[in-house]
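Novice: Got a structure for you, written out below as structure tokens; questions coming shortly.
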Protein chains: 2
Amino acid sequence: MTDLLETAKPMRADARRNRELILAAARELLGSEKADAQIDEVAARAGVGVGTVYRHFPDKEALLGELVRERFIRFNARLQEAIEDESAAPFDALAGALRRNAAESASDAATRRALMSGSERVFAHAEAEKEEFLRLAEVLVGRAHRAGELREDFVASDVPMVMCGVCSTMGKRDAGWEWERHLELVLRGMRPSG
Amino acid sequence: MTDLLETAKPMRADARRNRELILAAARELLGSEKADAQIDEVAARAGVGVGTVYRHFPDKEALLGELVRERFIRFNARLQEAIEDESAAPFDALAGALRRNAAESASDAATRRALMSGSERVFAHAEAEKEEFLRLAEVLVGRAHRAGELREDFVASDVPMVMCGVCSTMGKRDAGWEWERHLELVLRGMRPSG
DNA sequence: GGATAACATGAGCTACGATTCCGCTTAAGG
DNA sequence: CCTTAAGCGGAATCGTAGCTCATGTTATCC
């Protein structure tokens, strides 16, 4: 979990910049095109040497892990916004957050891949954020339940579950797979029966 | 597509047996435990040398491909049964087939993995079966539509899409992910609104 | 400016897993 | 039985990708 309370001495300016360059390169490379992409490519793309990558991240999984962590932070921001939005009906607030997060995931193959075939090692880096995600989801689910707008048997951990399901079908438009329809299907299934 | 019309000369008895041993070993090894498992392990498990594996399958993907092909054949059998079952209501026939296929997939991590992160190469081996799957799905979807039991905007290609989604959430019971509930959620979403 | 601790570099090391190759074995036909 | 071609074994090869390290560079502080 990074460094609690900035105990660490501030990085040298060039080091901080390189760190960002590396993350950006990794996002671009893993995010859109190539499924895997090796460290050497990330380094080249960032305009630094491989050694520099390893100075900032102990190993490949740490780099991937940081990407996942960032993604969760964004996910959580969406949920937080939904929680703070008093104007929307509880179910719609939840649904909106899911739609927004799904849309973001659609353009980030890297994290999707990481979220799926989830190597524990990678996930470990985002443990705190993952827990926060569940906590926020619980709030939204609870409200929707109380408003009677969400099936009784829908639980907070179903939120990441269905998100995972929808994400797994992204990027296959050529087979006629439209994740937007998939998501709407799931959202309908979440409504109370009768 | 194997050999059209058995044009090939019959294999030697031991060769045929070994081929089956190899497939069985691959199913067991990739199917349940280990995520990957290398050829050497499959060979050892089958009680043959690596060379023998390569005599029967040009490369690893061909072996995986055969596994996927077998799985699709079973999937298709379920759909076929649903089509032939006159007693069930159209939607229930479709839903039943999905439930059965999902249950089978749940105990076959190998194919699930292959179906997901779908390397085209692996899939190519099951092209014919994949098309047959869609053809059968179309029949069931068409019937359910005509009976007014399925949302108008649900199309045949949504069948593999939602299956993929549900499969992607299997094997994470420890996180509270129950694919059965996930599937039921999706099935509810498939029903006509109103 | 100069000292120095951080930081960067990238050739090369290492591990690992897919695939090959060739001498040996054996099923199957006569 | 004997021949022989199909089949087998598994050590050795090859390619790849993660990672290390000895050497060179530079931000930062005085």
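Novice: Just to be sure I understand, how many residues within the stretch B:103-119 are within 11 Å of chain A (Cβ to nearest Cβ) and free of Cβ contacts under 8 Å to residues at least 40 places away in the same chain?
Specialist: Final tally of qualifying residues: 2.
Novice: When residues of the stretch B:69-96 are filtered for being hydrophobic (A, V, I, L, M, F, W, C) and out of contact with any Leu (no Cβ under 7 Å at 6 or more places or on another chain), how many remain?
Specialist: Matching residues across the stretch B:69-96 total 6.
Novice: Considering each residue of the stretch B:137-175, count those that are more than 12 Å from chain A (Cβ to nearest Cβ) and more than 21 Å from A:Glu178 (Cβ to Cβ), and give that number.
Specialist: Residues flagged as more than 12 Å from chain A (Cβ to nearest Cβ) and more than 21 Å from A:Glu178 (Cβ to Cβ) within the stretch B:137-175 amount to 6.
Novice: Just to be sure before I move on: is B:Gly31 away from DNA strand C (no atom under 11 Å from the Cβ), outside the structural domain of B:Leu150 (by TED's automatic domain parsing) and in contact with an Asp or Glu (Cβ under 7 Å, 6 or more places away or on another chain) in the structure I sent?
Specialist: Taking the combined requirement at face value, the residue satisfies it.
Novice: Quick check: is even one residue across the stretch B:180-191 of a type outside the set (Asp, Glu), part of a loop (DSSP other than H, G, I, E, B) and at the interface with chain A (Cβ under 7 Å from one of its Cβ atoms)?
Specialist: No: zero hits.
Novice: Among the residues that make up the stretch B:9-22, is at least one of them among the acidic types (Asp, Glu), assigned to a helix (DSSP H, G or I) and more than 15 Å from DNA strand D (Cβ to nearest atom)?
Specialist: no
Novice: Considering only residues that are over 24 Å from A:Glu127 (Cα atoms) and among the basic types (Lys, Arg), look in the stretch A:17-62 and name the one that is surrounded by the most Cβ atoms within 10 Å (Cβ to Cβ).
Specialist: That would be A:Arg45.
The values are calculated or read from the model by the stated rules, or taken from the named source; none is laboratory data. In this text the structure is predicted, and so the values were computed from the model without any measurement. Note that we place each Cβ from the backbone using ideal geometry, even for glycine, and neighbour counts take in every protein chain shown.
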